[in-house]
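One structure is given below, encoded as structure tokens.
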Amino acid sequence: MAVPVPFLLPHPALAASLDGLWLAEAQGEPRRIERAEAIRLLASTPTIMVNVPLVAAKLGYPELGGLDLLELFAFVHPARFAVPTVAGLAAVCDLDLPIGGAAEADALRQIAGTLLARMAPDDGEKDGGTARTAPWAERAGAWSIAQALSRARWPWAAPVLAAMGGPPAGTERSIFTSLPKWEDAPPLAKTKTVRLEQDAVEERLTGLLGAGAETREGQRAYARAVTHAFDPRSVENAPNVVLAEAGTGIGKTLGYLAPASAWAAEAGGTVWLSTYTKALQRQLDAETARLYPDPEERKRRAVVRKGRENYLCLLNLEDAVQGSFGGRAAIYARLVERWARYSAGGDMIGGDLPGWLTGLFGRTAQAALTDRRGECVYAACPHYRRCFIERAARASQEADLVIANHALVMVNAARGKAEGRGLTRLVFDEGHHLFDAADTTFSLDLTGAEAIEMRRWIIGPEKKTKGRRRGLTARLGDLVAFEEEGALLLDEAVERARALPSDGWLKRVVDGAPHGPIEALLAEVRATVLARAKPNEAGYGLETEIAEPPAALVEAAARAQSAIEDMAVPLRRLAARLTKLMEAPPDWLDAPARARVEGALGGMDWRMSMLTGWGHLLARVGGPPHPDFVDWLMLSRVEGREYDMGILRHWLDPTKPLAEAVLSPAHGVVVTSATLRGRIADEAAEPDADWRVSEMRTGANHLPLPARRFQVDSPFDYAANTKILVVTDVKRGDAAQLAGAYRSLIEAAGGGTLGLFTAIARLKAVFARIHGPLAEARLPLYAQHVDPIDAGTLVDMFRADPRASLLGTDALRDGVDVPGDSLRLVVMEGVPWARPTVLHAARRAAFGGKAYDDLITGGKLAQAFGRLVRRASDRGVFVLLGAAVPTRLTQAFPAGAEVERVDLATAREIVAAQVGPDAHDRDKQPVSGSTGVAPPPPGP
């Protein structure tokens, strides 16, 4: 594509490519430069780059600034997807793929010119009657934000304003008045009782698959099996539960969407589809396009829902753009304001706000723009009728399908927030994570960080801070001002909350000078943990059981318990008065005021339940342990630096509250996964032992009626298309050998490798040793916890380049879906045994000892192997480094997949033969620092 000359900027461009640093200037050919020259240039000259923080990390120059093309792209095309690399941006600009550092440096200037050219006025020069650039779809609101960015000293402001050619003819409306308002809806009709016919479900599945689609009997059998969950419930608190394991490639998503959508249409009800990862949420949202091809209908009938902390808060945004943000954060706020106008739903985390945009500015700014601390003032907010959060909540009330996540479903159920038609029909995909999700949801933490958040929620900020931090008085003062008792209770609640930790608590506790009963408790917790810690744990997080606690800790717990119980009294009485206000509303309590009271009561119920839980927890310190809970003391550290401490409580079996709060009230539940059953290696185990493990891990064993079981194997030929290797000659704990093994295997595969680690320190050590040699071999390497990029963006970059490799930890083991050639080798540093924590030790003792360890570890191996083959044409090798891999754990892999124990040299040969460059002529593909372009991820 030809770039109009006026927009070829005079600025130089710097590309940090695999073959070094390359500089392209306005005159002459691109040339290679050394690090010292690059730093001198960047210190004095505005320079075009892609992903400035990443370039800064490579140069070891954290203060680096410049003209980041990602920021320009985010302004020109807000809410659009692009792989954040030179090749990714070249693709969205319809430019040729740059090959090599010189071409990349030159492409940077061409990309900048192309993006600027797209902003030219629609009535610009004509060429044969056709505008040189297509009309800019995202023009609305751009001029005013560009001017604001200019005042914030955004480096791109001047060329952007010049490219737009002047202000628009009319006055631009701000985002705070241009977003549509939601309207109140009439009460929902009652859900009808229906029974689905199997033939109708299969017919619907056929329609979803489309004309000419292959018939997969496994998928049809799966759809028939899960239909039972949509039958009418026959016994109170006894839902129709289906546990369904469907191997990769069965097509379980459409398999459960068929009966779910059919039931929603016939019964007039809502089905909640719950996932564990945001990636699957996006995939599910994309699949609903098969059900509802018309975008407007789809918007009404299939809604994505997340927790409040994921969405942009318009009131926080208004505070930010009006001056509470400064420096780089102010630029970020304006780019978010630009995005908000075009966002499908205002989801800042995993939605259509590019993850790399937040990475350019830091996550602190993002956190200040979302509702993370329960500060919402509901109807008192001037943007209430345009609120993204309220819009999503109201849309889900009338939707056929709500695509949520395990945490939101559990929290809503536990708090009694049954939106719309309620949580009567649930589908839990990624059901093997239900135990862990319930463990997090129903746990209780009394820590310094949680306690100071409680104080800020009640009292408000102690000093001026960025963002909006309102206390109870600011949120409720005018509502209780009309009655003396309510105002006195509010004042009393604020006064008693001063017993909670305040700003500077951590330093006071460490210095041995705590203020108040809660800080004194934290000081005793810290002292006890340090007294019982092992010397070799000095640099990491520490924990210890609450067993034989010191007298000083018991006394501190008693004083803290008394303070917390005193704190809860005025809050409880205030909540009662607000409830009475709702029951007998005075004349001045209009609809907006009622909404504020309802919101306040919801927040108070949550906070009071926390206070009650803290009181019960402290009451057990020094007494006998509770049979249902595991309590322990912890001191959180990162590289030796303390940042939190406290007492933690988890359910020994978190599926008990899951069954009581979530499953029992439902009428039908599907729990499904490709690895739902727990593989049992014991030959003496009963035939259905694996299913009983599944029932134990999902809470089905706590329900009155037994769950129905269904299982269908993957149609993939794992024996022919995969190999599983256990490398026996890599010494455990030897960083040099571990790094050598990773380098050797990645080189043999020609990239396309996902490396999984159980410890961040080892990941960093391996990356430091191998990224240079791999770059020399023209094999890009990315790493979670090393590159200043979020995990989702790293996966996008990995997916885009078949020669790239990616190192990561647990989040990548469970949340990566990269079909095709980009992922053909998975390497695990060793057996992913569970960490020997206090909680794990308690559960190990309760759930079978060594067999419990094998169950947890086998599940991790199965999930890691599952990253390798995502479609029938995929081929791959799974490598586990370590001689001491028990044979019983290999049962976690699919039947037919042979496990070979080999040395590293043999493993390298097998990898090269199976998936290396010569195996599929990959050496003929173009190579660049960031080659290839992935399609945009599914979803909004």
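The values are calculated or read from the model by the stated rules, or taken from the named source; none is laboratory data. What you are looking at is a predicted structure, and each value in this text was computed from that prediction instead of being measured. As a convention, Cβ positions derive from the backbone with ideal geometry for all residues, glycine included, and neighbour counts pool all protein chains shown.
Tabulated data
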{"read-out": "From VAL795, VAL766, VAL827, residue being at pLDDT 95 or above and within 24 Å of the chain's Cα centre (by Cα)", "value": "VAL827"}
{"read-out": "Flag if ALA260 is touching a strand residue (DSSP E or B) at 6+ places or on another chain (Cβ under 9 Å), under 22 Å from PRO293 (Cβ atoms) and buried (at least 24 other Cβ atoms within 10 Å of the Cβ)", "value": "yes"}
{"read-out": "From the options LEU426, LEU446, residue that is closer than 30 Å to GLY866 by Cβ, touching a strand residue (DSSP E or B) at 6+ places or on another chain (Cβ under 8 Å) and either modelled with pLDDT of 95 or more or in the same structural domain as ALA225 (by TED's automatic domain parsing) (or both)", "value": "LEU426"}
{"read-out": "Qualifying residues in segment 428-464 (those that are of a type in the set (S, T, N, Q) and out of contact with any Lys or Arg (no Cβ under 9 Å at 6 or more places or on another chain)) - the one surrounded by the fewest Cβ atoms within 10 Å (Cβ to Cβ)", "value": "THR440"}
{"read-out": "Residue identified as free of Cβ contacts under 8 Å to residues at least 12 places away in the same chain, under 24 Å from GLU71 (Cα atoms) and either touching an Asp or Glu at 6+ places or on another chain (Cβ under 8 Å) or of a type outside the set (Val, Ile, Thr) (or both) among GLY350, GLY346, GLY326", "value": "GLY326"}
{"read-out": "Residue match in segment 325-345 (condition: surrounded by fewer than 18 Cβ atoms within 10 Å (Cβ to Cβ) and either assigned to a helix (DSSP H, G or I) or among the aliphatic types (A, V, I, L, M) (or both))", "value": "yes"}
{"read-out": "Test result for ARG224, under 18 Å from ARG421 (Cα atoms) and assigned by TED's automatic domain parsing to the domain that holds ARG697", "value": "no"}
{"read-out": "All positions within segment 651-689 that are buried (at least 20 other Cβ atoms within 10 Å of the Cβ), among the charged types (D, E, K, R) and either in contact with a Leu (Cβ under 8 Å, 6 or more places away or on another chain) or assigned to a helix (DSSP H, G or I) (or both)", "value": "ARG679"}
{"read-out": "Any pair with Cβ under 9 angstrom, 6 or more apart, that starts in segment 152-163 at a residue that is in a loop (DSSP other than H, G, I, E, B) and ends at one that is of a type in the set (Lys, Arg) and buried (at least 18 other Cβ atoms within 10 Å of the Cβ)", "value": "ALA152/ARG334; TRP154/ARG334"}
{"read-out": "Boolean, ALA225 is in contact with a Leu (Cβ under 8 Å, 6 or more places away or on another chain), in a helix (DSSP H, G or I) and crowded, with 18+ Cβ neighbours inside 10 Å", "value": "no"}
{"read-out": "Tally of residues being under 33 Å from the mean Cα position of the chain (by Cα) and either outside the structural domain of ALA289 (by TED's automatic domain parsing) or not aliphatic (A, V, I, L, M) (or both) across segment 207-221", "value": "6"}
{"read-out": "LEU868 being aliphatic (A, V, I, L, M), out of contact with any Cys (no Cβ under 8 Å at 6 or more places or on another chain), crowded, with 21+ Cβ neighbours inside 10 Å and not in a helix (DSSP H, G or I)", "value": "yes"}
{"read-out": "Residue identified as among the polar types (S, T, N, Q), within 35 Å of the chain's Cα centre (by Cα) and over 30 Å from VAL510 (Cβ atoms) among SER609, SER636", "value": "SER609"}
{"read-out": "Scan of segment 873-921 for residues that are part of a loop (DSSP other than H, G, I, E, B), modelled with pLDDT of 85 or more and more than 19 Å from GLY740 (Cα to Cα), ordered by number", "value": "SER873, ASP874, ARG875, VAL885, PRO886, PHE893, PRO894, ALA897, GLU898"}
{"read-out": "Complete set of residues in segment 169-208 that are more than 25 Å from ALA595 (Cβ to Cβ), in contact (Cβ under 8 Å) with a residue 60 or more places away in the chain and not in a loop (DSSP other than H, G, I, E, B)", "value": "ALA200, VAL201, LEU208"}
{"read-out": "Qualifying residue in segment 476-491 (condition: closer than 30 Å to LEU314 by Cβ, under 34 Å from the mean Cα position of the chain (by Cα), among the small types (Gly, Ala, Ser) and at pLDDT below 95)", "value": "no"}
{"read-out": "Residues of segment 190-220 classified as closer than 17 Å to ALA289 by Cα and of a type in the set (A, V, I, L, M, F, W, C), total", "value": "5"}
{"read-out": "Matching residues in segment 483-502 - criterion: being among the charged types (D, E, K, R) and under 28 Å from PRO585 (Cβ atoms)", "value": "GLU483, GLU484, GLU485, ASP491, GLU492"}
{"read-out": "Test set (1) among the small types (Gly, Ala, Ser); (2) under 24 Å from the mean Cα position of the chain (by Cα); (3) part of a helix (DSSP H, G or I); (4) closer than 30 Å to ILE546 by Cα - ALA842 fails condition number", "value": "(2)"}
{"read-out": "Number of the exception - PHE847 against (1) out of contact with any helix residue (DSSP H, G or I) (no Cβ under 7 Å at 6 or more places or on another chain); (2) surrounded by fewer than 17 Cβ atoms within 10 Å (Cβ to Cβ)", "value": "(2)"}
{"read-out": "Odd one out for PRO62, checked against (1) at positive phi; (2) touching a helix residue (DSSP H, G or I) at 6+ places or on another chain (Cβ under 7 Å)", "value": "(1)"}
{"read-out": "Of all residues making up segment 769-792, the number that are within 25 Å of the chain's Cα centre (by Cα), among the aliphatic types (A, V, I, L, M) and either under 25 Å from GLN914 (Cβ atoms) or not assigned by TED's automatic domain parsing to the domain that holds VAL727 (or both)", "value": "2"}
{"read-out": "Residue that is surrounded by the most Cβ atoms within 10 Å (Cβ to Cβ) [pool: residues in segment 812-837 that are basic (Lys, Arg) and over 19 Å from ALA749 (Cα atoms)]", "value": "ARG813"}
{"read-out": "Single residue of segment 540-564 satisfying the filter (more than 33 Å from the chain's Cα centre (by Cα) and farther than 17 Å from LEU648 by Cα) that is surrounded by the fewest Cβ atoms within 10 Å (Cβ to Cβ)", "value": "ALA551"}
{"read-out": "Lone qualifier among THR793, THR809 - being out of contact with any strand residue (DSSP E or B) (no Cβ under 8 Å at 6 or more places or on another chain), of a type in the set (S, T, N, Q) and surrounded by fewer than 23 Cβ atoms within 10 Å (Cβ to Cβ)", "value": "THR793"}
{"read-out": "Candidate set from segment 696-736 (those that are surrounded by fewer than 16 Cβ atoms within 10 Å (Cβ to Cβ) and of a type in the set (A, V, I, L, M)); member that is farthest from ALA221 (Cα to Cα)", "value": "ALA736"}
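Residues are listed down the side, and each one gets a yes or a no for (1) assigned to a strand (DSSP E or B); (2) hydrophobic (A, V, I, L, M, F, W, C):
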| residue | (1), (2) |
| --- | --- |
| ARG799 | no, no |
| VAL827 | yes, yes |
| PRO832 | no, no |
| LEU861 | no, yes |
